[in-house]
Amino acid sequence: MPRVKRSTKRSDRRKKILKRASGYFLTKSKLYQAAQEAVERGLMFAYIGRKQKKRQYRALWITRINAACRLNGMSYSTFINGLKLAGNTLDRKILSEIAINDPAGFAALAETAKGALASRKTAAT
């Protein structure tokens, strides 16, 4: 059977894992097997966290828009429906920024949404 010399490949792979695990508690930053498990677990949580971050920001934007809609006398769902009927394509991130920084502009958007809903109601009857 031929002799296997692992030399740099093995040590490079181990060094990479241990470098990623630096700062972990006790064994997880010193011993390869424990470090590998900890790093894999951390990468899994990082992947999940990137997905959760998107959800949480969208929920925050919707909450802000809803609060501004209530100040203008309508609910979030009717506001979004009215904007779609009016042909407005602003996304929720921009709408929440407008709600925070420009209340008068948001009130104008709310009036646009109300007008689109009213015109749809009259067309239906």
Worksheet entry | Residue that is charged (D, E, K, R), at pLDDT below 95 and surrounded by 11 or more Cβ atoms within 10 Å (Cβ to Cβ), where the choices are ARG20, ARG41, ARG10 | ARG10
Discussion item. I need every pair where a residue in the range 68-84 that is assigned to a loop (DSSP other than H, G, I, E, B) has its Cβ under 7 Å from the Cβ of a residue that is among the small types (Gly, Ala, Ser) and surrounded by fewer than 19 Cβ atoms within 10 Å (Cβ to Cβ), sequence separation at least 6 or different chains.
Written reply: ASN72/ALA107
Worksheet item: If you check LEU60, LEU85, LEU26, which single one turns out to be more than 26 Å from the chain's Cα centre (by Cα), among the aliphatic types (A, V, I, L, M) and surrounded by 13 or more Cβ atoms within 10 Å (Cβ to Cβ)?
Response: LEU85
Worksheet entry | Check on ALA110, part of a helix (DSSP H, G or I), touching a Phe, Trp or Tyr at 6+ places or on another chain (Cβ under 6 Å) and surrounded by 13 or more Cβ atoms within 10 Å (Cβ to Cβ) | no
Practice prompt. Could you list all residues from the range 65-75 that are buried (at least 17 other Cβ atoms within 10 Å of the Cβ) and within 15 Å of ILE100 (Cβ to Cβ)?
Written response: ILE65, ASN66, ALA68, CYS69, ASN72
Worksheet entry | Test result for ASP102, in contact with a Phe, Trp or Tyr (Cβ under 9 Å, 6 or more places away or on another chain), at pLDDT 95 or above and not hydrophobic (A, V, I, L, M, F, W, C) | no
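The values are calculated or read from the model by the stated rules, or taken from the named source; none is laboratory data. As the structure is a computational prediction, the values presented were derived from the model and not from experiment. Don't worry about glycine lacking a Cβ; one is built from the backbone with ideal geometry, like all the others, and counts go over all protein chains shown.
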